[in-house]
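Since every read-out is calculated from the coordinates, none of them should be taken as a lab result. Values in this document were obtained by computation on a predicted structure and should not be read as measured data. Please note: Cβ atoms are built from the backbone with ideal geometry, for glycine as well, and neighbour counts cover all protein chains shown.
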Amino acid sequence: MKRVAIAILSTLLYIALLALFFAQVEIQIEGPTGWAANLPTWRVEQYWWLDWFWGGRPLTGYHLWVFSFMALAFHLPIALLQRWSWHIELRILGALALFWIIEDWLWFVMNPAYGLVRFSPRFVP
């Protein structure tokens, strides 16, 4: 039981570390604006499924490629181990979802334009 707890904790810490590093990369790329607002990338502003998939935000080339890259990166263990199961897939998808939640929070908290003090609905669109 102790071994399982250590494995879970180390996995969570590793996901948080990945999120921290990637949040910093995105802060350096996007600056204070976020959602690739000032990047030279294509955008789909209005489409019926954007409300469901992106919360009404536009789909950008930047985000399409970043989300795809991270999904592939999180699936690397399947390619390396040459083993797939629904159990492994669900763990990967859960880890990926947790990564994006932590990364998004850290983007705001570590971004000099926001910080922890300005992490509220009043300042965060």
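Assorted remarks:
- Each peptide among 74-82, 102-110 gets the average number of other Cβ atoms lying within 10 Å of its residues, and from highest to lowest they stand as 102-110, 74-82.
- Once the Cα gyration tensor of the chain is diagonalised, semi-axes √(5λ) in Å: 28, 20, 13
- Across the chain, C-alpha contacts under 8 Å between residues 6 or more apart give a mean separation that, scaled by the residue count, equals a relative contact order of 33 percent.
- In this structure the amide hydrogen of Leu59, modeled in the peptide plane, comes within under 5 Å of the amide hydrogens of Val44, none closer than 5 places in sequence on its chain.
- Distance between the pseudo-spin-label points of Arg57 and Ile29 (7 Å out from Cα toward the beta carbon): 1.2 nm.
- Of the residues Phe21, Leu9, Tyr47, the one whose Cα sits farthest toward the positive end of the charge dipole of segment 2-110, with +1 on the Cβ of Lys and Arg and -1 on the Cβ of Asp and Glu, is Leu9.
- Across q = 0.29 Å⁻¹, segment 1-45 modelled as identical point scatterers on its alpha-carbon atoms has Debye log10 I(q)/I(0) values of -0.96, in the order of the q list.
- The HN-Hα couplings worked out from phi for segment 83-92 by the Karplus form 6.51 cos²θ - 1.76 cosθ + 1.60 (θ = phi - 60°) are 9, 9, 8, 4, 4, 5, 4, 5, 5, 5 Hz, whole numbers, x standing for Gly and Pro.
- Segment 99-106 - phi-based ³J(HN,Hα) in whole Hz, Karplus 6.51/-1.76/1.60, Gly and Pro as x: 4, 5, 5, 5, 4, 5, 4, 5
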